[in-house]
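Participant: Pasting in a structure now, in structure tokens, and then I'll have a few things to ask.
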Amino acid sequence: RRANGLAAEALVLACELAKEGVSTDEVDRKVAEFVISRGAYPVGINYCGFPRGLCASPNEVALHGVPNTRPLENGDICNFDVTVYHDGAFGDCSAMVCVGDVDEDARRLVDTTRQCLYAAIDTVGPGVKLNSIGKFCEEFATSRGFGIVAEFCGHFIGAELHMRPNVLHVTNGNALLLKPGMTFTIEPILIEGGNAEIIGPLEDNWT
């Protein structure tokens, strides 16, 4: 709980810093400094070779974007994914940011994805089947005219960052019954149009 609380604080900072003219490199540096100042470690650094502390994924980048020196521009949308290690546990959370005046289609995508996440969280509780999350997310997205990425998923988390089982966001057969004390992420990625495969990674081996 403490690790995820700190990750949430770091995520709020990232979102506050993400303004027009500010690079994701600068956001990453300041968030890393904040995490370290709290006696924790920004997990992204060298995690499976990832070069930075957080993921910054603007516009058409679905996830795992590497922070860089390109200034954020008016109209950008950008996802920040923050992970920390604190007091023997991992914390992980992410959020989308709208920079300046974002067009109506992009804002609807961001708003609908956020609604999908919070509505999915509301379905979770003891005795609920894990695969009900995926079924709910897929139906929520398609009912609003969006596709949902099937290749990437949420995960259980605790003493390790990525723990089994995965938390899929599409219909699946994992009927594990949820119990008190289980900790996991729900990370739906909605896309305009129908379901589609992610293209990548690019030259940086992550984006």
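The values are calculated or read from the model by the stated rules, or taken from the named source; none is laboratory data. None of these values were measured; they are calculated from a predicted model. Heads up, the Cβs are rebuilt from the backbone with ideal geometry, glycines too, and the neighbour counts pull from every protein chain shown.
Participant: Specify which of the listed residues (LEU6, LEU11) is part of a helix (DSSP H, G or I), over 15 Å from the mean Cα position of the chain (by Cα) and not assigned by TED's automatic domain parsing to the domain that holds GLU187.
Facilitator: LEU6
Participant: Starting from residues that are in contact with a Cys (Cβ under 8 Å, 6 or more places away or on another chain) and in a helix (DSSP H, G or I), keep the ones in region 88-118 and report whichever is nearest to MET163 (Cα to Cα).
Facilitator: This residue is CYS116.
Participant: Let me ask something else. Of all residues in region 119-148 being assigned to a loop (DSSP other than H, G, I, E, B) and free of Cβ contacts under 8 Å to residues at least 40 places away in the same chain, which is surrounded by the most Cβ atoms within 10 Å (Cβ to Cβ)?
Facilitator: Here the residue is ARG144.
Participant: List pairs: first in region 82-105 and more than 15 Å from ILE45 (Cβ to Cβ), second modelled with pLDDT under 95 and charged (D, E, K, R), Cβ under 8 Å, 6+ apart or cross-chain?
Facilitator: Filtered contacts from region 82-105: ASP105/GLU192.
Participant: Checking VAL61 against (1) closer than 23 Å to ARG1 by Cβ; (2) touching a Ser or Thr at 6+ places or on another chain (Cβ under 7 Å), which test does it fail?
Facilitator: Going through (1) closer than 23 Å to ARG1 by Cβ; (2) touching a Ser or Thr at 6+ places or on another chain (Cβ under 7 Å) one by one, VAL61 breaks only (1).
Participant: Let me ask something else. Can you tell me which of GLU197, GLU160, GLU151 is modelled with pLDDT under 95, in a loop (DSSP other than H, G, I, E, B), in the same structural domain as ILE121 (by TED's automatic domain parsing) and not basic (Lys, Arg)?
Facilitator: Answer to the selection: GLU151.
Residue-by-condition table, conditions (1) touching a Phe, Trp or Tyr at 6+ places or on another chain (Cβ under 7 Å); (2) closer than 19 Å to HIS86 by Cα; (3) crowded, with 22+ Cβ neighbours inside 10 Å; (4) at pLDDT below 95:
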{"site": "ALA3", "(1), (2), (3), (4)": "yes, yes, yes, no"}
{"site": "GLU9", "(1), (2), (3), (4)": "no, yes, no, no"}
{"site": "CYS15", "(1), (2), (3), (4)": "yes, no, no, no"}
{"site": "GLU20", "(1), (2), (3), (4)": "no, no, no, no"}
{"site": "GLU26", "(1), (2), (3), (4)": "no, no, no, no"}
{"site": "ILE36", "(1), (2), (3), (4)": "no, yes, no, no"}
{"site": "VAL43", "(1), (2), (3), (4)": "yes, yes, yes, no"}
{"site": "SER57", "(1), (2), (3), (4)": "no, no, yes, no"}
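Participant: Then there is this: Could you list all residues from region 171-187 that are among the charged types (D, E, K, R) and more than 18 Å from ALA150 (Cβ to Cβ)?
Facilitator: Result: LYS179, single match.
Participant: Among the residues of region 48-62, is there at least one that is closer than 28 Å to GLY158 by Cβ, part of a helix (DSSP H, G or I) and of a type outside the set (D, E, K, R)?
Facilitator: Within region 48-62 (the criterion being closer than 28 Å to GLY158 by Cβ, part of a helix (DSSP H, G or I) and of a type outside the set (D, E, K, R)), the answer is yes, since at least one residue qualifies.
Participant: Restricting to region 70-96, name every residue that is crowded, with 17+ Cβ neighbours inside 10 Å and touching a Lys or Arg at 6+ places or on another chain (Cβ under 9 Å).
Facilitator: LEU72, ILE77, VAL84, HIS86, ALA89, GLY91, ALA95, MET96
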